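Structure, as structure tokens:
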Amino acid sequence: MYVKTLASLLLCSFVMTAAGGPKIEVHGHRGARARFPENTLPAFEYAIAQGVDVLELDLGVTKDNIVVVSHDSVLRSPVCNGPRNEVPIRNLTLAEVRQWDCGSKQNPQFPSQKTVVGTRMPTLDEVLSLASRGKFKFNMETKITPMEPTLAPEPKEFARLVLEVIRKHHLESRVILQSFDFRTLHAMKELAPEIALSALYSGPPRSFVEIGKESGARIISPEYRLVTAAEVKAAHTAGFTVIPWTSNAPHEWDALIAAGVDAIITDDPGALIAHLR
């Protein structure tokens with residue numbers, strides 16, 4: 001029964017695509033970490049060249065309040081290698097962060113990833129400077145948690161620092177702010193209600209609509225295994241968009257397409273773009 005139902009859903013999805021149905025947007029996770037070191041300019045440039053719709057990235061803040069692009073709040077191998085075994089970004093100035101090489105070692109999870117020795121952690125300012133290369137958007141996550149308050153600024157200050165860079169580049173209409181910590185979403189909504197917000201979620205199955213209401217976001221971004229057609233339909237009915245993370249296999253993509261999602265976050269955006277074609 002499940003196989004027949006899935007097959008029917010897939011058929012409907014492919015028919016809609018062939019008939020010019022809703023487009024599935026492709027978000028390059030950390031740029032394209034299956035191909036290049038994550039959250040680096042080479043990864044973002046590769047994703048842009050592949051035709052990605054959205055660059056997905058992560059944000060931290062240095063000791064001197066510069067917004068930088070990094071998934072981990074603590075620098076450590078193999079992602080970044082430097083003068084110490086590990087150190088929080090928040091404890092370092094930008095000049096000190098730039099002593100770390102974030103492209104010299106291949107991530108063992110991705111055997112096809114190419115190293116780029118000497119790659120430094122980019123600032124958000126540098127990444128947003130890529131905007132002139134296309135019409136793609138930026139989906140940026142604030143790396144913050146109330147359980148480790150010393151690793152990031154206070155939520156309102158974090159949102160303010162990010163907004164300052166966004167406004168410098170006049171990219172308010174091309175940015176999504178996402179977070180597991182909804183405090184930064186609420187703060188950004190207060191500072192700049194025009195910025196699109198996305199609620200990241202992982203954990204036990206939960207109503208997508210409830211997540212949206214709690215977060216104040218209009219985009220729900222669940223871990224991809226939590227996606228069901230029923231939850232997506234309920235979210236759409238309530239006016240929400242659904243963008244699951246992070247799916248890398250064709251059979252997973254097909255199931256998400258069949259469920260009716262609006263976009264897919266993936267480590268290999270070039271492969272997903274080819275698959276959708």
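Since every read-out is calculated from the coordinates, none of them should be taken as a lab result. As the structure is a prediction and not an experimental result, all values here were calculated from the model. As a convention, Cβ positions derive from the backbone with ideal geometry for all residues, glycine included, and neighbour counts pool all protein chains shown.
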Between ARG174 and SER77, what is the FRET efficiency for a Förster distance of 41 Å, r being their Cβ-Cβ separation, to the nearest 0.05?
0.75
Label-point separation in nm, ARG218 to GLU86, each point 7 Å along Cα→Cβ:
3.9 nm
When each of LYS63/LYS105; LYS135/LYS213; LYS114/LYS143; LYS143/LYS168; LYS143/LYS233; LYS168/LYS213 is checked by Cα-Cα distance, pairs over 23 Å:
LYS63/LYS105; LYS135/LYS213; LYS114/LYS143; LYS143/LYS233; LYS168/LYS213
Rounded to the nearest Å, the spacing of the alpha-carbon centers of the stretch 214-277 and the stretch 34-66 is 20 Å
Find the relative contact order for the chain and round it to a whole percent, using C-alpha pairs within less than 8 Å whose residues are 6+ positions apart.
20 percent
Could you point to the residue in THR150, ILE166, ALA274 farthest towards the positive end of the chain's charge dipole, with +1 and -1 charges on the Cβ of Lys/Arg and Asp/Glu respectively?
ALA274
Length-normalised contact order of the stretch 33-182 in % [C-alpha pairs under 8 Å, at least 6 apart]
27 percent
Distance in nm between ARG225 and SER104 label points, each 7 Å along Cα→Cβ, equals 3.5 nm
Sparse-neighbourhood loop sites, trypsin sites (Lys or Arg not before Pro) in the stretch 101-206 - DSSP loop, at most 10 other Cβ within 10 angstrom
LYS135
Just in the stretch 134-203: which GluC sites (Glu not before Pro) are loop by DSSP and have at most 13 other Cβ atoms within 10 Å?
GLU194
